[in-house]
Structure formats: C-alpha cells, structure tokens
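Novice: So that we are looking at the same thing, I have put the structure below in structure tokens.
The values are calculated or read from the model by the stated rules, or taken from the named source; none is laboratory data. All figures in this text were calculated on a predicted structure; none of them were measured in a lab. Here the Cβ positions follow ideal geometry from the backbone for every residue, glycine too, while neighbour counts run over all protein chains shown.
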Amino acid sequence: MRPGRLGELFGIALPVVQGPFGGGLSSVELTAAVSEGGGLGSYGAHILSPEEITDLVARLKARTRRPFGVNLWVPLEDEAALRPTDTELAAHRARLKPYYDELGVTPPTAADLAAARPDYEAQVDALLAAEPAAVSLVMGLPSRHLVAEARRLGISLIGTATTVEEAVALEQSGVDAIVASGSDAGGHRGAFLRPVRESLVGTFSLVPQVADAVSVPVIAAGGIADGRGVTAALALGADAVQIGTGFLATRESGASEVHRRTLGTPESRTTVLTRLFSGRTARGVPNLFVRDMAAYEDEVPPYPVQNALMQPIRRAAAAAGRADCVNLWAGQAAALARTETTAAEYLAKLVEESTSATATTAG
Ligand SMILES: Cc1cc2nc3c(=O)[nH]c(=O)nc-3n(C[C@H](O)[C@H](O)[C@H](O)COP(=O)(O)O)c2cc1C
C-alpha cells in the first residue's frame, strides 16, 4: 500500500483516511491513533461551537504531531428556509411523545430548537484560526473566503462529492482533494447539487467516474472495510480510501457500546437510508424505531429541527444501551467490521490484506 498523491499532500505513510463522525461520535483518541498509525485521522465537528472547535484542535495537537483533519457540514440553503410552523412542530413533538415518555426525557423547547442551528461561518473562522492540517467539508462547496484563507495558512481543503457533477464543482471551487462518497457509505448522505434520491451512486460506479473527471487526488469512501476493499478502490482510480464504519467499530471510537456492538454482526448486513433521526438522509442499521416510524419518513421536519427533536431520545437510548431507538449509523460493509481491534491493529490488518489482495489480482 503506497502513500500515493494523498500521502504526498499530507506527508502520511498510508493512503487511508479515517472518516470523520459527526453528532458526537468522533473521539480525540481515535483521530490521534489513526494519524499516529500513518493514516489521516479526522474529527467531525459540525455540532461544536467555535470555542469548542478551538479547544478540540488544541487537544488533538497535544495528542499527535502528525496531520489530522476536522470536518464541518456546509449548511444547505433550501433546508434553512423550510421552518415548520408552531402547529406542525406540535404534531412532530406529539408523534415522538411515546418515546420521550418511555425514556423519561423532556422534549426540547422552542428555545432549544432555535439554538440548534450552528453558526457555520463562526465555526469556519475558529477552525482556520486553529490551523489543523486539513479541513474537510461535506454537503456543499467552500466559500471563496475559506479557500483563500486555507491557502494562505497552508491548510489543505478536502471536499465530499456524491456525484461526478459535485466533484467537478468542488474541483472548480479550489479544494485540494475530493472524497468520492458512494451510496454504500454509513452516516449522512452529502448530496448538495441534486436531491439525495438522485445522487445515490454506489462506490464502485462513482470512483472511476470521479477519477476521470477531476485532476486533484480522489479519496474513495463507502463500503470499504478491509484490505480487499482498499485494493479495489485503488484499482478503480482512487488515490486513497476513507473508511468510516470500519474505524467506528474500533476500541478508540466515540460510538456508544450498543452502536459498536451492532457492527460486525450478521444483523448489520442490512442497512437503510432514513431521515427519521435527524431530518437528513443517512444510512444505518434499521431498528424498532425506524420500523415503527416508517410511515413518517417524508413527513419529519428538515435538519436541524428533527435532529434537535430526536437528540434527547438518541442520547438517552445510547446511555441506556437501548438499540431499539438509537441511530445505528453503518455502511453496507458493516458486517466486515471488527469490534475487538484497536485503530493501530486495524491499520496493520488493512495493509496486510491489501498487499495480499494486490498480489492475488496481479496473478
Ligand atoms: C457514524 C457516522 C458519522 C459520520 N459523520 C460524518 C460527518 O459528520 N461528516 C462527514 O463528512 N462524513 C461523515 N460520515 C461519513 C464517513 O466519514 C465516511 O465517509 C463513511 O463512513 C465511509 O463509508 P463506510 O461507512 O462504508 O466506511 C459519517 C459516517 C458514520 C458511520
């Protein structure tokens, strides 16, 4: 496994990026362990305040001198305009009442909901000032200001594309590398030019088309969980891979025990796309909540309102070890994940397996 063009960009030994996890599932331990192990560790910071971002980057820098990335969600314009009325909000809350009651949590107030929208511009400024080696974005393009400042400060920008058109737009915006995120991937879909349902291209189809369309390094993401997947992605034209679910299963991950224990099981061979947990489409293992609420898939309010309405339920369920109503984000290769390994052991295994898969394909 050679470092390739992404390795050269960051001075890292392995062409492996640990996918960032938003919603509080990243951990400083995992990000630092992956960077120390020769990959590019990442941290999902989209729910953090600017002050928390400053503190986070300081803690990461204290743990590793190797490069790492911090990820933000670009706000989707049309979603921001879709605010539910008070009557609609009451209906959404009423629908979730049995879950609030059962878990003994209080539904968020109107003030909680108003505070739920992070100030993206302030997050960007805090992140630039903290100077991580990489800033990665999902769900949109970087502003001119972000591109110019990142260049001035020597910070690399990584964008995320779910279609060829998004990859081309990202390259034109000035990013240094592009994650080609196939619909196999766990977590939220990052589509920003067309609706999600028109942007569901599988990793095997997306990666070679993006590699043909752009000249910056391409990072394949979605359904890669072992060395065979790494070798396949590199053969498809990727310069590196971004692995999410596989790293989420490792010991250092910030995922709850109930979430981690679901990965690597036969049950995790089945995943679905759902808006029910956050108001944005994401892939995870279906549970009782997803099945019970299936009729409301198209009716729940957009992010961040549904995300805020669900937060007390998700948190209480995770803390209580209740797999039936927590969001079990996972990609389509989740059953290949190994929950008993550390990040360093997992990286070593990826190298060993990829080397063997490359030898096999070479005949
Ligand atoms: C729990 C979870 C949270 C995620 N959160 C983010 C995020 O905040 N930002 C982002 O760019 N990608 C996010 N992703 C996507 C991953 O970074 C990565 O691209 C994806 O997991 C790769 O597919 P895989 O899960 O099949 O390995 C998330 C994925 C998971 C599983």
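Novice: Is there any pair linking a residue in region 216-234 that is more than 14 Å from the ligand (Cβ to nearest atom) to one that is assigned to a strand (DSSP E or B), with Cβ under 7 Å and at least six apart or on different chains, and which?
Specialist: Short answer, once both residue conditions are applied: V216/A177; V216/I178; P217/A177; P217/A240.
Novice: Name the residue that is nearest to the chain's Cα centre (by Cα), counting only residues in region 1-56 that are among the β-branched types (V, I, T) and within 19 Å of V230 (Cβ to Cβ).
Specialist: That would be V17.
Novice: Within region 248-296, track down each residue that is within 21 Å of A344 (Cβ to Cβ) and within 11 Å of the ligand (Cβ to nearest atom).
Specialist: Correct list: L248, A249, S253, G254, A255, R260, L263.
Novice: Of the residues in region 22-45, how many are surrounded by fewer than 24 Cβ atoms within 10 Å (Cβ to Cβ) and within 11 Å of the ligand (Cβ to nearest atom)?
Specialist: Within region 22-45, residues that are surrounded by fewer than 24 Cβ atoms within 10 Å (Cβ to Cβ) and within 11 Å of the ligand (Cβ to nearest atom) number 4.
Novice: Specify the residue that is nearest to E166 (Cα to Cα); the eligible residues are those in region 196-230 that are buried (at least 17 other Cβ atoms within 10 Å of the Cβ) and hydroxyl-bearing (S, T, Y).
Specialist: S199
Novice: Of all residues in region 172-182, which are more than 10 Å from the ligand (Cβ to nearest atom) and of a type outside the set (A, V, I, L, M)?
Specialist: Passing the criteria: Q172, S173, G174, D176.
Novice: Give the number of residues within region 1-21 that are modelled with pLDDT under 95, buried (at least 21 other Cβ atoms within 10 Å of the Cβ) and small (G, A, S).
Specialist: Within region 1-21, residues that are modelled with pLDDT under 95, buried (at least 21 other Cβ atoms within 10 Å of the Cβ) and small (G, A, S) number 1.
Novice: Is at least one residue of region 248-262 closer than 23 Å to L200 by Cβ, out of contact with any Phe, Trp or Tyr (no Cβ under 7 Å at 6 or more places or on another chain) and not in a helix (DSSP H, G or I)?
Specialist: No.
Novice: Scan region 74-85 and give yes if some residue there is in a helix (DSSP H, G or I), touching a Leu at 6+ places or on another chain (Cβ under 9 Å) and of a type in the set (A, V, I, L, M), otherwise no.
Specialist: no
Novice: State which residue is farthest from the ligand (Cβ to nearest atom) when the search covers only region 309-363 and only residues that are closer than 16 Å to H259 by Cα, in a loop (DSSP other than H, G, I, E, B) and aliphatic (A, V, I, L, M).
Specialist: A320
Novice: Out of E8, E52, E102, I need the residue that is of a type in the set (D, E, K, R), within 16 Å of the ligand (Cβ to nearest atom) and in a helix (DSSP H, G or I). Which one?
Specialist: E52
Novice: Quick one: which residue in L200, L157, L127, L141 is at pLDDT 95 or above, within 15 Å of the ligand (Cβ to nearest atom), assigned to a helix (DSSP H, G or I) and not acidic (D, E)?
Specialist: L127
Novice: With respect to Q172, determine if the residue is part of a helix (DSSP H, G or I) and in contact with a strand residue (DSSP E or B) (Cβ under 8 Å, 6 or more places away or on another chain).
Specialist: No, not satisfied.
Novice: A further question follows. So the check is Cβ under 8 Å with 6+ separation or different chains; which pairs have a first residue in region 108-127 that's closer than 13 Å to W73 by Cα and a second one that's part of a helix (DSSP H, G or I) and at pLDDT below 90?
Specialist: If the second residue must be part of a helix (DSSP H, G or I) and at pLDDT below 90, the pairs left are R117/A80.
Novice: Evaluate region 107-115: report whether one residue or more is loosely packed, with under 13 Cβ neighbours inside 10 Å, touching a Leu at 6+ places or on another chain (Cβ under 9 Å) and either modelled with pLDDT under 95 or more than 25 Å from V214 (Cα to Cα) (or both).
Specialist: Checking region 107-115: at least one residue is loosely packed, with under 13 Cβ neighbours inside 10 Å, touching a Leu at 6+ places or on another chain (Cβ under 9 Å) and either modelled with pLDDT under 95 or more than 25 Å from V214 (Cα to Cα) (or both).
Novice: Could you tell me whether region 57-71 includes any residue that is surrounded by fewer than 17 Cβ atoms within 10 Å (Cβ to Cβ), touching a residue at least 40 places away in the same chain (Cβ under 8 Å) and of a type in the set (V, I, T)?
Specialist: Looking for residues that are surrounded by fewer than 17 Cβ atoms within 10 Å (Cβ to Cβ), touching a residue at least 40 places away in the same chain (Cβ under 8 Å) and of a type in the set (V, I, T), one finds none in region 57-71, hence no.
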